[in-house]
Every structure is written in structure tokens, then in C-alpha cells.
1. Scanning the stretch 23-81 for residues that are touching a Gly at 6+ places or on another chain (Cβ under 9 Å) and of a type in the set (Val, Ile, Thr), which turns out farthest from Asp283 (Cα to Cα)?
2. Could you tell me which residue of the stretch 79-123 is farthest from Ala349 (Cα to Cα), considering only residues that are of a type in the set (Val, Ile, Thr) and in contact with a strand residue (DSSP E or B) (Cβ under 8 Å, 6 or more places away or on another chain)?
3. Looking at this structure, is Ser200 in the same structural domain as Ile159 (by TED's automatic domain parsing), among the hydroxyl-bearing types (Ser, Thr, Tyr) and within 30 Å of Gln176 (Cβ to Cβ)?
4. I want to confirm something. Restricting to the stretch 308-360 and keeping residues that are surrounded by 14 or more Cβ atoms within 10 Å (Cβ to Cβ) and of a type in the set (Ser, Thr, Tyr), which single residue is nearest to Gly70 (Cα to Cα)?
5. Any idea which of (1) out of contact with any Lys or Arg (no Cβ under 8 Å at 6 or more places or on another chain); (2) in the same structural domain as Lys335 (by TED's automatic domain parsing); (3) closer than 27 Å to Phe287 by Cβ is the one Leu190 doesn't satisfy?
6. Among what's in the stretch 11-26 and is of a type in the set (A, V, I, L, M, F, W, C) and in contact (Cβ under 8 Å) with a residue 60 or more places away in the chain, pick the residue that is farthest from Met88 (Cα to Cα).
7. In the stretch 1-22, how many are more than 24 Å from the chain's Cα centre (by Cα) and in a helix (DSSP H, G or I)?
8. So, in the stretch 237-246, exactly how many residues are surrounded by 15 or more Cβ atoms within 10 Å (Cβ to Cβ) and modelled with pLDDT under 90?
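The values are calculated or read from the model by the stated rules, or taken from the named source; none is laboratory data. These numbers come from a predicted model, not from an experiment. Methodologically, a virtual Cβ is constructed for each residue, glycine included, from the backbone with ideal geometry; neighbour enumeration extends over all protein chains shown.
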Amino acid sequence: MEVVLIILGVILGVLTSYTDIKTGFIDDKHVFPIAALGVLYYLYQGFFVEHNTLLALSGLIGLGIGFLLGYLLYFIGGWASGDVVILMGFSALFPYASSYAKIKAPYAILYPLHPITLLFNSIIAIFPVIFLYALGVLIARKRTERLKTVFLEKADLSIEASLWIIASLIAIIVVQAKLGITLNPAVRYLITIALITILSRFKKAGDVLGILALAYGLYSIGLDMIYAYLKLLVALYVFKIFFSIVKVLREEVLVEEKPIEEIKEWDIIGEWIYEKDGEVLRDRESFFDKFKKAFASGDLSILKPSYGNVITSPTAEGIRREQLEKLKALVEEGKLENSFLVKKAMPFAPALFLGFLISIFYGDIFWWLVLKMAGL
């Protein structure tokens, strides 16, 4: 039966990739009937064949987790609703890891959390294409300074973060050894996160403790400690480059300024334009910049500013005709400057399809990276 589920997934992937590339839209009829078949299969298999309630509900759980993960990306303006629907469809078909997969994350074997694999595989698989595209644009535009920032800006943070992580891990290992206890993995994880957060708040002290921990590890374990640190450093540096590329895409490659006359219905506006207290205002700050401010200040209200009457927003759904007419009227009245940020749409359905195929026939790329970082 798993082969049938794979075939259904391929049909879903082909149909949605074709329509996304050709029209920029996803037809729900290409997704929900197939997702429903997946849900019904697991209900039957769980209740009537294996008498396993979790398995029976796994299709619905996968559908729900796919929605939550997709909605998070929709909320920050990275995805359109069609992308969310596609992830839901694949997740309903394979809430657990495929038996054909070679690399399986424990969470996708024991629990219906395979949607996490599907999402990460899609992002990681498309990253080389995005990376080369962004670099090509920067080189073509002769943006050498911006090109340098991709590789050099905040590179030292990768070194520091690696030290903080090493210090946190060694601290937990030493405490457990001294007290003769073994902490629950979930507790260890939470304590590690807390320690890293504290060390990051006191950077210089964190760096010193990280160097001391690294020296202690070198003394206790030998050169394997240095090897583990270097692997961690490389992994964090790759993540740094990834986020730098995303920033370049967001600010330069996939956005341009256009007058209202050149904007068409369904174009994606890259800013908030709203009316508040009798004024027409605009906010071009990205969600990521807001998130950094909220994290640094501890003020979560920064993530949800009060916009009043929103005229248009940077949703991947695109601008509707009535919104476009409203903007034209405001420009004609002199209430808005005739220059708007417009995002270039990139079809993500093919990336989700690729992530699905990789997860079925190879497995979890992210978990493979985790294992490699751990030396396994």
C-alpha cells in the first residue's frame, strides 16, 4: 500500500508543480482529495488492521502539523497559502518516515512528525539553487561589498556560538559525572538551550568559558575535541551563509521598487501600507528584523504592531484589485509616494515535491547533517 501512497504523492507533486510554475497558483482540487485518501488509509489501517489509535489518527495529525509548519512560514510572509496546502497534502500521505528511506530521524519513526522532514528537505534541497542564483545576481550587478558580507559579516559569531555550545555541553557532562546522574534527554536539551542563551548574553564571559571548556575537552578527550569543535563551527558557518543569502534575496534579489502604474493584480507587495489616526503610513521592516529586535529587547509586541486599517501587506497571496485601486487613489491624492516595494514570486511547489521525493527514497537530510556533526 505504501507504493500507492507514493504514487498519490507523485501525482500531487506533478500537478501542483506544473500549476505553480505556469500560473503561480495552486488548485485545492489537486491536493485535498489526495490528502483525504491518505487520512482515510491511516484511519482504516489503525482502527481495523493494527488496532493502533496513534496510527489511525496519524494522517490527521500529519495534516495538522503540516498546516502549523506551513502557517508559520505564511505568517512571516515567506509562503503563499498554496504552499501550506501542499505541505499538508504530503504530510497526510506520509506522517511517518517511509520504509524506503535510508536516513530516518527518530521523531519521524516513533511519532507522526515526518512533516518536519518534508519541510527541512525542501528548504535544504533548494538552497544550492538559491545560493548560486543570489551570487550570480550580485556578481552581475557588481555588488562586491554585498558579496563580501555574505561570507564575512558576523562570521566571528559562528566562532563564538560554537564555543558557547561546547561550554554548555561539557558543563552538563561534567555535572552529570560529578553527581552520578543521567538527566532525561529533554531536560538536557532545555538546560543546554538555557546555558547557551545565558552565555550569549554575556559574550566575553561566554567566550572565555568556551575556550576553557575546549581546553578541558582537549585535555580529557584529545584531538577529537578539536575535530568536534571544527565540525560544529563549519556547520554554524554554513547556517550563517544561508541566512545571509536569505537576507540578500529578501532585500535585493527578489524585491524591486515600482511605481503604481507598473504594479499588476496579484503582484506581491513587500511592505505594510495602512491608515492610522488619519494618516497613511508604511512599514518596510521585515519580520526577521522585527524578530531580532523582539529577541534583543524581550518585547514580543514588536512582532505584532498595531497597524490600524491595513490597505495592503507583504503576504505571498498578492495584491487584489480593490487594494490596487486604493493605492492608486492615495498616490493621486498625494498621500503616498509613488514607489512601492514589489517581491518577485518564486514557485515553491517544485521544491516541496523534491523534498517529498528525497524524504521517501533517501530520508531526512537535516538528521543526516546532525549525525555527521555528532561524528556518527
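1. Looking at the filtered set, the residue picked out is Thr53.
2. Ile103
3. Here the answer is yes, as Ser200 does meet what is asked.
4. Applying the filter and picking the extreme gives Thr315.
5. Status for Leu190: all satisfied but (2).
6. The residue in question is Ile21.
7. Final tally of qualifying residues: 9.
8. Residues flagged as surrounded by 15 or more Cβ atoms within 10 Å (Cβ to Cβ) and modelled with pLDDT under 90 within the stretch 237-246 amount to 6.
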